[in-house]
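To start, the structure itself, in structure tokens.
Every number here is computed from the coordinates shown, using simple stated rules; none is lab data. Note that the coordinates shown come from a computational prediction; the quantities given were computed from them, not determined experimentally. Note that we place each Cβ from the backbone using ideal geometry, even for glycine, and neighbour counts take in every protein chain shown.
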Amino acid sequence: MYKTVAESVATALELKPLVANANHCEVIIAPVFTALKTVADRLEGSNINVAGQNCSTEVEEGAHTGEVAAFMLRDTGATHVIVGHSERRQFYAETDAMIRRKVGAAISSGLTAILCVGESLEQRDQGIAQPIVRGQLTAGLSGLTASDLNRIIVAYEPVWAIGTGRTATPEQAQEMHAFIRRVFAEGHSEKAAQDLRILYGGSVKPENITGLMAQDDIDGALVGGASLKADSFAKIVNYK
């Protein structure tokens, strides 16, 4: 929940030339709802896509005051939506069942869902990080068809490494990313698992992106605070 419309546009336009030659990755930004349409319009024709930060569980319009449907995000020019972010789970009591409905709503509306999974510090200390992530992943993707999987990106966010300054080591992140890929293969297919993009999100900064991206199963980053300034986000995009 950062930036007015004017601030969002200014940041996006500052970012645009800084990442114009980034053909090694897909660049996506997720402004607040109020800025989505304006930012998407101003970035039209660029290599930057726009995502919603959340969407409703409901597929169609109706009496759901305060909610924003996935098809409405699509109407603004968004191509992606973040679903199940740790803050939504932690502070807004989103359950795996709700998140699964949001994934379905996103896919049916033509958006790509960025499904977030991750364990808390307490869960990691208890040695149950992998079962927690398995449960979130399995529930969030249950019942999807092979074609649906083409509209899924998974983001691993260790909750204990978000906004704390603590970052999972590249080795810790790789271990969980490899686990996620194995779980995905079990539930779907080996090919689907290899095609799956898995992002790491947890205090990603220009200083640690190179080490993270050197890992075999880390395909990208879900960037938080470092994305609020165009120059720092651009350094992450252009880490090579």
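If the condition is being buried (at least 17 other Cβ atoms within 10 Å of the Cβ), outside any loop (DSSP other than H, G, I, E, B) and in contact with a helix residue (DSSP H, G or I) (Cβ under 8 Å, 6 or more places away or on another chain), then region 199-219 contributes Tyr200, Ile209, Leu212. If you go through region 113-133 and pick out every residue that is within 17 Å of the chain's Cα centre (by Cα) and at negative phi, you end up with 7.
Among the residues making up region 216-240, a single one is over 20 Å from Ala22 (Cα atoms) and not acidic (Asp, Glu): Gly225. As for region 54-61, it holds no residue that is surrounded by 20 or more Cβ atoms within 10 Å (Cβ to Cβ), out of contact with any Ser or Thr (no Cβ under 6 Å at 6 or more places or on another chain) and within 28 Å of Asn23 (Cβ to Cβ). Please tell me if Val81 is in contact with a helix residue (DSSP H, G or I) (Cβ under 9 Å, 6 or more places away or on another chain), of a type outside the set (Asp, Glu), under 29 Å from Lys37 (Cβ atoms) and crowded, with 21+ Cβ neighbours inside 10 Å. Yes, satisfied.
Can you find a residue in region 4-18 that is β-branched (Val, Ile, Thr), surrounded by fewer than 18 Cβ atoms within 10 Å (Cβ to Cβ) and within 20 Å of Asn150 (Cα to Cα)? No, region 4-18 contains no residue that is β-branched (Val, Ile, Thr), surrounded by fewer than 18 Cβ atoms within 10 Å (Cβ to Cβ) and within 20 Å of Asn150 (Cα to Cα). Every listed requirement among (1) in contact with a helix residue (DSSP H, G or I) (Cβ under 6 Å, 6 or more places away or on another chain); (2) part of a helix (DSSP H, G or I) is met by Glu119 save one, (2). The set of residues in region 139-165 that are in a loop (DSSP other than H, G, I, E, B), under 18 Å from Gly220 (Cβ atoms) and not acidic (Asp, Glu) comprises Pro158, Ile162. Tally up the residues in region 87-99 that are surrounded by fewer than 22 Cβ atoms within 10 Å (Cβ to Cβ) and touching a Gly at 6+ places or on another chain (Cβ under 7 Å), please. Of the residues in that region, 2 qualify. State which residue pairs qualify: first residue in a helix (DSSP H, G or I) and inside region 166-193, second residue loosely packed, with under 15 Cβ neighbours inside 10 Å and among the hydroxyl-bearing types (Ser, Thr, Tyr) in any location, beta carbons under 9 Å apart, and separation of 6 or more residues or different chains. Pairs that qualify, where the first residue is in a helix (DSSP H, G or I) and the partner is loosely packed, with under 15 Cβ neighbours inside 10 Å and among the hydroxyl-bearing types (Ser, Thr, Tyr), are Gly187/Ser142. Can Ser56 be described as within 17 Å of the chain's Cα centre (by Cα), farther than 25 Å from Thr167 by Cβ and not in a helix (DSSP H, G or I)? Spelling it out, Ser56 is indeed within 17 Å of the chain's Cα centre (by Cα), farther than 25 Å from Thr167 by Cβ and not in a helix (DSSP H, G or I). Before we move on, is Ile132 of a type in the set (A, V, I, L, M, F, W, C), part of a helix (DSSP H, G or I), under 23 Å from Met98 (Cα atoms) and touching a strand residue (DSSP E or B) at 6+ places or on another chain (Cβ under 7 Å)? Criteria not met by Ile132. Number of residues in region 95-116 that are closer than 21 Å to Val223 by Cα and either touching a Pro at 6+ places or on another chain (Cβ under 7 Å) or not in a helix (DSSP H, G or I) (or both): the value is 6. When region 1-35 is filtered for residues that are touching a helix residue (DSSP H, G or I) at 6+ places or on another chain (Cβ under 9 Å), in a loop (DSSP other than H, G, I, E, B) and under 22 Å from Phe91 (Cβ atoms), the ones remaining, listed by number, are Tyr2, Lys3, Ala30, Pro31, Val32.
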